[in-house]
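The values are calculated or read from the model by the stated rules, or taken from the named source; none is laboratory data. As the structure is a computational prediction, the values presented were derived from the model and not from experiment. FYI the Cβ positions are ideal-geometry reconstructions off the backbone, even for glycines, and counts take in every protein chain you see.
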Ligand SMILES: Cc1cc2nc3c(=O)[nH]c(=O)nc-3n(C[C@H](O)[C@H](O)[C@H](O)COP(=O)(O)OP(=O)(O)OC[C@H]3O[C@@H](n4cnc5c(N)ncnc54)[C@H](O)[C@@H]3O)c2cc1C
Ligand code: SF4
Ligand code: SF4
């Protein structure tokens, strides 16, 4: 499957990918509204997170692992592996907010939703025609979506 | 040619799985990863398709409905070409003839067998424990019984302050029942958590009105002349009036059918690195298995959900011929107590006086946060987080990938928290940004 691969040699920590993620997962699909309104009212948050270590930066999110630790740990079946698309899918309705996945994922790719007992995790912009918004938004091609 | 070439339908393997819990789901997914054609037969004693067993406490608490329990979608078994026999118990295994018999009188042949029969509640020999008004809390049926019961009773005593006992207590409390917990150990959650984390959790429970008694247990369950439970006499001499007792001390491996079949059983069914038992082509996984532990290298029974799935998965792929060993289990638990999240992973209570371990712990009682890191040989081998759990997964990485820490990295891990830049370059590249041919999955 095509995954999103981050390249720390090109990342400048500009956080544009986070903003693109925020917008793509917002109701309004508008950057300003997503940032100024929905972040507060809906607890909208980015699935992507820029990590900084001195001068080095890298933007990380769910790897959609082949054999995901989060799926093994999920007590409700909210997290599953889609054998056709290869995606690690999340069903918000099923999730009970037990944080087992957050504990089990060794890639730190799962966050608690700020307002509800739900999680936030990359869905590879499943419903977005152009594919992941972060990849499209990165000005440096530090995020690549490809088959490896 | 016709004499040497087997017909297509003879090539297909028959996998039989006993039990329909999460280990079984893991096995189905592990088999199907490598074998699309083989026939899979799942035989489960319970009536429901695989459900989130831990969710029975959410059901009892009234937080979710029965329709939210199923672990996979409606089409799951059909889509994976699994023949599901529910409400059916396997009564015997013949390892020589490679067949199992069921209580329905059927005999089912297998090429590969997985025993994923889970655990059964342990009932200690307390006087008065046999008879009416004593309940367990490990199945959907138990939860449904307790839901009906909770409308009729005022008080309940829960014996056992481990995960299952606390969850039962919390859920009954949410149904308006006055609950008292008895825990023989000096603290609750003694297995997976330490003293301070246990105390923070116990405080939350006490604050909502659940009575928590540690260092004490039931000496006798007393009954009236009709045989109904009157109350519990405690080891410290007190008497607690109650109408029901929930025994939730833990589960023991449900290994009787394996033992009867001559398969090697110690505490649980012994399995090798492929999850195969002492009988050829017979595998075991989940709460019933005594499998390898990643950190100690020893074989242990660790009855937790992620291990059950992972063992099921590893047994599945090995039954299907993939020859990929099980990476070993890692104890881990995530439990919340009325909004206070707690997570513990790996070795959290190193043996007292063992100087090969180093412990760094920070407690903030006012904020209700606690962080404990356990190191051995310059590696992180365990941690406990209470309250602030957001970096749990990143801590888990250091244990799971057994990353060697230099003094500097260890210092940063302790003071600034886990960061991906503390990972060895090679691991980072292999997992996050692999060269096209080497993509680690
Ligand atoms: C209330 C509760 C809360 C829990 N919460 C957590 C949690 O938060 N995190 C965590 O990690 N773990 C938790 N656990 C433990 C977790 O549920 C188990 O580790 C896990 O379910 C084990 O899965 P399994 O597939 O090995 O066995 P099980 O889930 O026990 O399934 C085994 C199945 O096999 C069936 N069976 C047995 N014998 C036969 C036979 N002879 N023929 C046919 N079928 C048979 C049984 O009826 C059962 O349905 C909890 C458990 C309980 C009870
Ligand atoms: S959440 Fe973590 S374990 Fe699950 S698929 Fe994503 S990176 Fe892998
Ligand atoms: S928090 Fe939700 S998605 Fe994560 S393990 Fe629990 S139920 Fe599954």
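For residue A:76, the test of being buried (at least 20 other Cβ atoms within 10 Å of the Cβ) and either facing chain B (nearest Cβ under 8 Å) or at pLDDT below 95 (or both) is passed.
Return yes or no: is residue B:338 more than 9 Å from chain A (Cβ to nearest Cβ), buried (at least 21 other Cβ atoms within 10 Å of the Cβ), in contact (Cβ under 8 Å) with a residue 12 or more places away in the chain and away from ligand 2 (no atom under 16 Å from the Cβ)? Against the criterion (more than 9 Å from chain A (Cβ to nearest Cβ), buried (at least 21 other Cβ atoms within 10 Å of the Cβ), in contact (Cβ under 8 Å) with a residue 12 or more places away in the chain and away from ligand 2 (no atom under 16 Å from the Cβ)), residue B:338 does not qualify.
Given the options B:175, B:238, B:187, B:204, name the one that is surrounded by 17 or more Cβ atoms within 10 Å (Cβ to Cβ) and out of contact with any strand residue (DSSP E or B) (no Cβ under 8 Å at 6 or more places or on another chain).
Step by step, each of B:175, B:238, B:187, B:204 is checked, and only B:175 is surrounded by 17 or more Cβ atoms within 10 Å (Cβ to Cβ) and out of contact with any strand residue (DSSP E or B) (no Cβ under 8 Å at 6 or more places or on another chain).
Going by the conditions given, is residue B:325 more than 14 Å from residue B:417 (Cα to Cα) and either within 12 Å of another protein chain (Cβ to nearest Cβ) or free of Cβ contacts under 8 Å to residues at least 12 places away in the same chain (or both)? Considered against the rule, which asks whether it is more than 14 Å from residue B:417 (Cα to Cα) and either within 12 Å of another protein chain (Cβ to nearest Cβ) or free of Cβ contacts under 8 Å to residues at least 12 places away in the same chain (or both), residue B:325 comes out as no. Within the stretch B:352-372, identify whether any single residue is under 15 Å from residue B:330 (Cβ atoms) and more than 22 Å from the chain's Cα centre (by Cα), and answer yes or no. Within the stretch B:352-372 (the criterion being under 15 Å from residue B:330 (Cβ atoms) and more than 22 Å from the chain's Cα centre (by Cα)), the answer is no, since none of the residues qualifies. Checking each residue in the stretch A:87-138 for being under 24 Å from residue B:73 (Cα atoms) and facing chain B (nearest Cβ under 7 Å) picks out A:94, A:96, A:98, A:99, A:100, A:102, A:104, A:105, A:110. Restricted to the stretch A:53-65, and to residues there that are outside any loop (DSSP other than H, G, I, E, B) and facing another protein chain (nearest Cβ under 8 Å), the residue that is farthest from ligand 3 (Cβ to nearest atom) is A:56. Criterion applied to B:421, B:428 was being in contact with a helix residue (DSSP H, G or I) (Cβ under 7 Å, 6 or more places away or on another chain) and more than 25 Å from residue B:335 (Cβ to Cβ), and the one residue passing it is B:428. Of all residues in the stretch A:54-89, those that are in contact with a helix residue (DSSP H, G or I) (Cβ under 8 Å, 6 or more places away or on another chain), away from ligand 2 (no atom under 12 Å from the Cβ) and in contact (Cβ under 8 Å) with a residue 40 or more places away in the chain total 3. In the condition set (1) outside any strand (DSSP E or B); (2) more than 20 Å from residue B:287 (Cβ to Cβ), residue B:382 is compliant with all but (1). Scanning the stretch B:40-61 turns up one or more residues that are touching a residue at least 40 places away in the same chain (Cβ under 8 Å), under 30 Å from residue B:176 (Cα atoms), within 14 Å of chain A (Cβ to nearest Cβ) and more than 16 Å from ligand 3 (Cβ to nearest atom).
Going by the conditions given, is residue A:43 more than 13 Å from chain B (Cβ to nearest Cβ) and within 16 Å of ligand 3 (Cβ to nearest atom)?
Here the answer is yes, as residue A:43 does meet what is asked.
What about residue A:31, is it more than 8 Å from chain B (Cβ to nearest Cβ) and in contact with a helix residue (DSSP H, G or I) (Cβ under 6 Å, 6 or more places away or on another chain)? Judged against the criteria, residue A:31 is a match.
Exactly one residue out of B:297, B:312 is in a loop (DSSP other than H, G, I, E, B) and either touching a helix residue (DSSP H, G or I) at 6+ places or on another chain (Cβ under 7 Å) or surrounded by fewer than 19 Cβ atoms within 10 Å (Cβ to Cβ) (or both), and it is B:297.
Counting only helices (runs of 4 or more DSSP H) that sit completely within the stretch B:8-127, those holding 1 or more residues that are crowded, with 24+ Cβ neighbours inside 10 Å correspond to B:22-34, B:56-60.
Return a yes/no flag: does the stretch B:350-362 have any residue that is touching a residue at least 24 places away in the same chain (Cβ under 8 Å) and out of contact with any strand residue (DSSP E or B) (no Cβ under 7 Å at 6 or more places or on another chain).
no
For every residue, the table says whether it meets (1) part of a loop (DSSP other than H, G, I, E, B); (2) within 16 Å of ligand 1 (Cβ to nearest atom); (3) on the phi > 0 side of the Ramachandran plot.
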| site | (1), (2), (3) |
| --- | --- |
| B:245 | no, no, no |
| B:249 | yes, yes, no |
| B:257 | no, yes, no |
| B:263 | yes, yes, no |
| B:273 | yes, no, no |
| B:278 | yes, no, no |
| B:283 | no, yes, no |
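Evaluated against (1) away from ligand 3 (no atom under 11 Å from the Cβ); (2) under 30 Å from residue B:59 (Cβ atoms), residue A:104 falls short on exactly one condition, (1). Every condition in (1) more than 16 Å from the chain's Cα centre (by Cα); (2) under 23 Å from residue A:141 (Cα atoms); (3) part of a helix (DSSP H, G or I) is met by residue A:8 except one, and the failing one is (3). Name every residue in the stretch A:66-81 that is assigned to a loop (DSSP other than H, G, I, E, B), closer than 27 Å to residue B:64 by Cβ, more than 7 Å from ligand 3 (Cβ to nearest atom) and out of contact with any strand residue (DSSP E or B) (no Cβ under 6 Å at 6 or more places or on another chain), in order of residue number. A:77, the sole residue that qualifies. Scanning the stretch B:377-394 for residues being in contact with a helix residue (DSSP H, G or I) (Cβ under 8 Å, 6 or more places away or on another chain) and either facing another protein chain (nearest Cβ under 8 Å) or within 23 Å of residue A:55 (Cα to Cα) (or both) gives a total of 5. Across the stretch B:396-415, the number of residues qualifying as at the interface with chain A (Cβ under 9 Å from one of its Cβ atoms) and part of a helix (DSSP H, G or I) comes to 5. Do we find that residue B:418 is at the interface with another protein chain (Cβ under 8 Å from one of its Cβ atoms) and surrounded by fewer than 20 Cβ atoms within 10 Å (Cβ to Cβ) in this structure? It is false that residue B:418 is at the interface with another protein chain (Cβ under 8 Å from one of its Cβ atoms) and surrounded by fewer than 20 Cβ atoms within 10 Å (Cβ to Cβ). One residue alone among A:49, A:92 is under 16 Å from the mean Cα position of the chain (by Cα) and within 14 Å of ligand 2 (Cβ to nearest atom), and that residue is A:49.
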